[in-house]
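S.K.: Pasting a structure here, questions to come.
The values are calculated or read from the model by the stated rules, or taken from the named source; none is laboratory data. Here the structure is a predicted model, which is why all the values come from computation and not from measurement. Positions of Cβ are backbone-derived with ideal geometry, glycine not excepted, and every protein chain shown enters the neighbour counts. Calculation scope for accessible area: heavy atoms of the full protein, side chains included, ligands and nucleic acids excluded. Shrake-Rupley method; radii C 1.70, N 1.55, O 1.52, S 1.80 Å.
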Amino acid sequence: MQSFITFIQQLEIPQDTQRLFHGRGGKYPQSEHLCLDWFEPVLLITSFKPLEDSELEQIVDAIKQRWQQLAEETPLNLVYQFRSGLGTKTQLICGQVPEPHVVTENGNQYNVHLLKGQNHGLFLDMRNGRQWVQQNTQGKKVLNLFAYTCGFSIAALAGGAESVVNIDMSKGALSIGKRNHNLNDFVGNASFYGHDIFKSWGKLKKQGPYDLIIADPPSNQKGSFVATKDYVRLLRRLPELMSEQCELLLCLNAPELSPDFLKQQVEESINNLIFVGRVANPAVYADIDEEKSLKVFHYKK
Ligand SMILES: C[S@@+](CC[C@H](N)C(=O)[O-])C[C@H]1O[C@@H](n2cnc3c(N)ncnc32)[C@H](O)[C@@H]1O
């Protein structure tokens, strides 16, 4: 854990919301279970292994000391999450979490919820993906599959997209997504479907064709999407939604599946598609095995 403590002792606080320490990448021996995020004005410690009271105390003390040096006048807001699927527990260590809690990334605003559930409303590892979308959507009709809280839609509209269709079977996530649109004054050119993608193809087709299709599915959500069998099923149906100049942004966050897995699935299912490149992950997410890290692939016709 010493590498995490050493990091904290040199910590700087950025303006934008982002990951600060990513032990999960395996680059910090003995700290592989630990992460630190900045959801301004709150620091979030995440551990993927249960911490002894003394270990948590050591981390919290180091953060308090560093905070004292950085921002003596400002109270420290600190949350700790032990992450373990259904056993996930989150606790406020000190200070408070604003309600509503709004954070900023690349000039866009997002609602987050650190004290509720395992995910927080904004996946920080997709920061560069959202930036890519913001830079590549001027005038485009966009389809955001597996939209969650519509992070990609906000980025697309900030980048001048003509319209965005968002679909996700979680109505709760989509309702936060709608709030995100209001927050950024993007009202009118986004639509929202709270349905299973595989059962709503007719609706999606009616609104198409699209110039950019984003697919960011879960790796394994029982009964809804299992990448090893459903990604290919999804890809096979995409051509009927694609415009002449359509581009695809295909994502996969599954350490157990290699970049070649996704490339092969694409080759098997869609003809004449060109692989343009992989959107790099934020530097802080560096992994000793890049095969395992988040994949964000750009394809065009
Ligand atoms: C990895 S999250 C998407 C993150 C999102 N793209 C973002 O950038 O914040 C996966 C989402 O897929 C949704 N989902 C899973 N299976 C689905 C299905 N068959 N149809 C529609 N949505 C689905 C889940 O509800 C979840 O919100």
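S.K.: Where the convex hull is taken over the Cα atoms of region 129-217, what is its projected area averaged over directions, in nm²?
M.R.: 4.9
S.K.: Continuing with the same structure: If you average the sequence gap of Cα pairs under 8 Å that are 6 or more apart and divide by the length of the chain, what percent do you get for the contact order?
M.R.: 14
S.K.: So if I average 1/r over every pair of distinct C-alpha atoms in region 2-100 and take the inverse, what Kirkwood radius in Å does that give?
M.R.: Kirkwood radius, region 2-100: 13.8 Å.
S.K.: Tally Lys/Arg at +1 and Asp/Glu at -1 over every other residue whose Cβ is under 15 Å from the Cβ of Ile8; what's the total?
M.R.: Counting the neighbours of Ile8, the net charge comes to -2.
S.K.: Moving on. Can you give the direction-averaged projected area of the convex hull of the alpha-carbon atoms in region 167-269, in nm²?
M.R.: Dividing the Cα hull surface by four gives the mean projection, 7.4 nm².
S.K.: Are any of the pairs Lys116/Lys295; Lys27/Lys178; Lys206/Lys229; Lys89/Lys292; Lys205/Lys300; Lys27/Lys89 more than 29 Å apart by Cα-Cα distance, and if so, which?
M.R.: Lys27/Lys178
S.K.: Moving on to the next point. What part of the accessible area of the chain, given as a whole %, is carbon or sulfur when the probe is 1.4 angstrom?
M.R.: Carbon-and-sulfur percentage of accessible area, whole number: 47.
S.K.: Hey, if you put +1 on the Cβ of every Lys and Arg and -1 on every Asp and Glu Cβ in region 1-129, which of Gln18, Leu78, Thr6 ends up farthest toward the positive end of that dipole?
M.R.: Gln18
S.K.: Would you work out the charge dipole size for region 75-218 about its Cα centre, treating the Cβ of every Lys and Arg as +1 and the Cβ of every Asp and Glu as -1, and quote it to the nearest 20 debye?
M.R.: 340
S.K.: Accessible area per residue for the chain in Å², computed with a 1.4 Å probe and the full protein assembly in place, what is it?
M.R.: It amounts to 47 Å² per residue over the chain.
S.K.: Assuming R0 = 30 Å, what is the FRET efficiency of Gln221 and Leu183, from their Cβ-Cβ distance, to the nearest 0.05?
M.R.: Once rounded, the FRET efficiency stands at 0.65.
S.K.: Go ahead and run the numbers for FRET between Asp16 and Lys203, Cβ-Cβ distance against an R0 of 35 Å, rounding to 0.05.
M.R.: It comes out at approximately 0.50.
S.K.: Sticking with this structure for a sec: Taking the Kirkwood radius as the inverse of the mean 1/r across Cα pairs, report the Rg/Rh of region 123-300.
M.R.: Rg/Rh: 0.93.
S.K.: If you take every DSSP beta bridge whose two residues both sit in the chain, what share of them, in percent to the nearest 5, is antiparallel?
M.R.: Around 60 percent of the beta bridges assigned by DSSP in the chain are antiparallel ones.
S.K.: Tell me, what does the Kirkwood hydrodynamic radius of the chain come to in angstroms if you use every pair of distinct C-alpha atoms?
M.R.: One over the average 1/r among Cα pairs gives 20.3 Å for the chain.
S.K.: When we measure straight from the Cα of Lys64, which aspartates and glutamates land under 19 angstrom away, once same-chain ones fewer than 8 places off are left out?
M.R.: Cross-link targets: Glu12, Asp37, Glu40, Glu52, Asp53, Glu55, Glu72, Glu73.
S.K.: If you don't mind, another one. Dipole magnitude of region 2-100 about its Cα centre, charges +1 at Lys/Arg Cβ and -1 at Asp/Glu Cβ only, in debye to the nearest 20?
M.R.: For region 2-100, the charge dipole is close to 400 debye.
S.K.: Moving on to the next point. Beyond 15 Å, what share of the Cα-Cα pairs of region 167-223 is found? Please give it as a whole percent.
M.R.: Taking all Cα-Cα pairs of region 167-223, the fraction more than 15 Å apart is 60 percent.
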